[in-house]
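In what follows, a single structure is set out as structure tokens and then discussed.
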Amino acid sequence: MSLRATAGAMIDFVGWRRYFGLISIGLLVPCIAALAIWQFTPGIDFVGGVEIETRFVRGVTAEDVTAAVEDLKVAYRDLTVAVDEGEAGAFRITYASRAGSDTAALAVAQQSRLDERLAPVRFVDVFSTDTSVEVEVWFPADATQEQVREALSAIGQGDARVQPTDAQTFKIRLQERDDGDTAALRDEALAALEADVGPIAVLQSALVSGVLSSEIARDAGIALAVAAVAILIYISLAFRRLPKPLLYGMATLVALAHDVTIVTGIFAILGQASGYEVNAMFVTALLAVIGYSVNDTIVVFDRIRELLLEGRGGIRETVNAAITQTLGRSLNTSITLIVALIALFLIGGVTIRPFVLVLLVGAVAGTYSSVAVASQIVVLWEEGSIRRRLFFLRAESESMPAGRSSV
């Protein structure tokens with residue numbers, strides 16, 4: 001589509017650049033302030049130590065569960081009941097009847113028995129066939145966050161982070177001890193929790209030494225730096241037919257810095273407010289955000305290149321036309337991704353929410369920056385606004401008497 005065909009429906013995005021600038025400043029200032037004041041809340045990947053997710057369960061045995069539903073045999077002929085211990089403190093109860101009894105009614109009946117005799121009870125899953133019902137359940141205790149903290153304080157881990165994640169489920173992070181034996185620290189913590197709070201089931205645990213955490217932090221920084229350099233080289237080569245190919249690479253990097261600052265700043269705020277941690281998954285998500293942001297920017301820049309090579313209109317009209325022509329594609333892609341990420345954030349587990357949140361914030365910021373940051377930098381440079389400002393600052397510095405500085 002040419003500039004002439006787009007002119008009637010063209011949106012003046014360049015004319016809105018002052019508003020875009022105010023929006024970006026309004027987003028960047030609190031993010032930069034949060035990064036400067038609070039920094040990140042580092043996860044176990046970057047500081048080393050032990051991370052455990054535990055579930056506190058009552059001392060219910062397989063015999064207790066069997067006794068609670070044993071009288072169902074009276075109502076259902078040829079019924080057999082088998083109770084097996086599952087994972088994470090759960091029990092798997094299987095009811096089978098060769099007589100082909102009503103499994104739906106049987107499922108309701110067994111739930112009623114368990115609720116009445118062993119409450120509280122949590123049902124994990126139910127699977128039924130024509131002749132059997134299989135139920136997975138667990139029985140939560142009444143442990144509190146304060147009890148968990150007190151038990152950990154007894155072993156010298158009073159500053160441990162304890163975060164509730166579900167009913168009677170806690171994520172615990174312990175700092176690495178001087179001897180560096182993270183396995184012994186985990187075993188000691190679990191023994192203390194079981195002795196002082198009650199029976200526990202370990203859902204997951206992670207052990208990271210201080211040496212490994214420093215290597216992860218270094219490798220994360222290298223990965224981000226390599227990605228930035230590779231993007232600059234690639235875009236400069238892709239736009240080599242234009243007079244200033246490096247301009248497009250630099251504009252893309254500025255937009256990336258804009259997006260990364262917003263994502264990291266929001267996580268600095270959330271780390272202070274809600275305990276969100278930065279770990280290796282955060283770095284992975286950040287690299288994905290960089291890739292998505294570059295992809296969206298390239299779509300706009302590629303259209304700018306095509307229109308410039310046609311040689312019709314100035315840079316302002318070209319950029320407005322390019323954004324207008326690619327806006328539908330960008331919004332359709334972004335909205336589809338954002339809807340999917342929101343659903344995953346709301347429905348997915350607690351452990352993946354930080355990862356999804358990085359992608360969600362990055363998708364919104366990347367879509368915005370392609371229009372409001374990267375494209376506007378190209379226009380400002382081509383029209384000379386940035387160069388005039390840089391020349392003015394340099395000339396002012398050179399003409400200033402020695403011993404004085406500008407305010």
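The values are calculated or read from the model by the stated rules, or taken from the named source; none is laboratory data. Predicted model, so just to flag it, every value in this text is computed and none were measured. Quick reminder, even Gly has a Cβ in these numbers, built from the backbone with ideal geometry, and neighbours come from all protein chains shown. Areas reflect the complete protein model, heavy atoms only, side chains present, ligands, DNA and RNA absent. Shrake-Rupley method; radii C 1.70, N 1.55, O 1.52, S 1.80 Å.
Set against the labelled values (1) 43; (2) 27; (3) 52, percent of Cα pairs over 34 Å apart computed from this structure falls on (3). Rolling a 1.4 Å probe across all protein chains gives Thr261 an accessible area of roughly 30 Å². In the context of the full set of protein chains, segment 225-377 has a per residue accessible area of 42 Å² (1.4 Å probe). Remark: segment 275-280, residue by residue, has Karplus-estimated 3J(HN,Hα) of x, 5, 9, 9, 9, 4 Hz, where x stands for each Gly or Pro and the curve is 6.51 cos²θ - 1.76 cosθ + 1.60 at θ = phi - 60°. In a fully extended conformation the segment linking Gln272 and Ala227 would gain 13.3 nm over its present Cα-Cα distance, using 0.36 nm per residue. Residue ranking by accessible heavy-atom surface, 1.4 Å probe, largest first, among Val202, Val294 comes out as Val202, Val294.
Please work out whether segment 123-166 counts as rounded, prolate or oblate from its C-alpha gyration tensor, where a ≥ b ≥ c are the square roots of the eigenvalues and a/c under 1.5 means rounded, while otherwise a/b larger than b/c means prolate and anything else oblate? Prolate shape, in that a/c is at least 1.5 and a/b is the bigger ratio. Taking amide H positions as modeled 1.01 Å from N, with prolines and chain starts lacking one, the residues under 5 Å from Ile11 and 5 or more places away or on another chain are Thr324.
These residues, Trp38, Trp381, go from largest to smallest accessible area, 1.4 Å probe, as Trp38, Trp381. Each of Thr351, Gln325, Gly43 was placed along the dipole of the chain (beta-carbon charges, centred on the mean Cα), and the one lying farthest toward the positive end is Gln325. Think of each Lys and Arg Cβ as +1 and each Asp and Glu Cβ as -1; about the Cα centre, that makes the dipole of segment 4-75 roughly 820 debye. Near Leu203, the amide H atoms lying under 5 Å from its own belong to Glu53, Thr54, Arg55; only residues 5 or more places off or on other chains count, and H is placed 1.01 Å from N.
Using a probe radius of 1.4 angstrom, the carbon and sulfur fraction of the accessible surface of the chain is 58%. Spin-label model, Met281 to Thr129: label points 7 Å out along the Cα-to-beta-carbon direction sit 3.5 nm apart. Computed from label points 7 Å out along Cα-Cβ, the spacing between Leu331 and Leu246 is 3.7 nm.
Here each label is just a point 7 Å from Cα along the line to Cβ, and for Glu383 and Asp84 those points are 7.1 nm apart.
Ordered from largest to smallest accessible area (heavy atoms of protein chains, 1.4 Å probe), the residues Asp181, Asp196 come out as Asp196, Asp181. Our coupling estimate for segment 142-154, obtained by passing each phi through the Karplus curve with A = 6.51, B = -1.76, C = 1.60 and θ = phi - 60°, is 10, 6, 10, 4, 5, 4, 5, 4, 5, 5, 6, 4, 5 Hz, Gly and Pro reported as x. For segment 328-343, the residues whose amide N sits under 14 Å from a probe point set 7 Å from the Cα of Ile352 along the beta carbon direction are 340-343. Dipole magnitude for the chain: about 2940 debye, using +1 per Lys or Arg Cβ and -1 per Asp or Glu Cβ, origin at the Cα centre.
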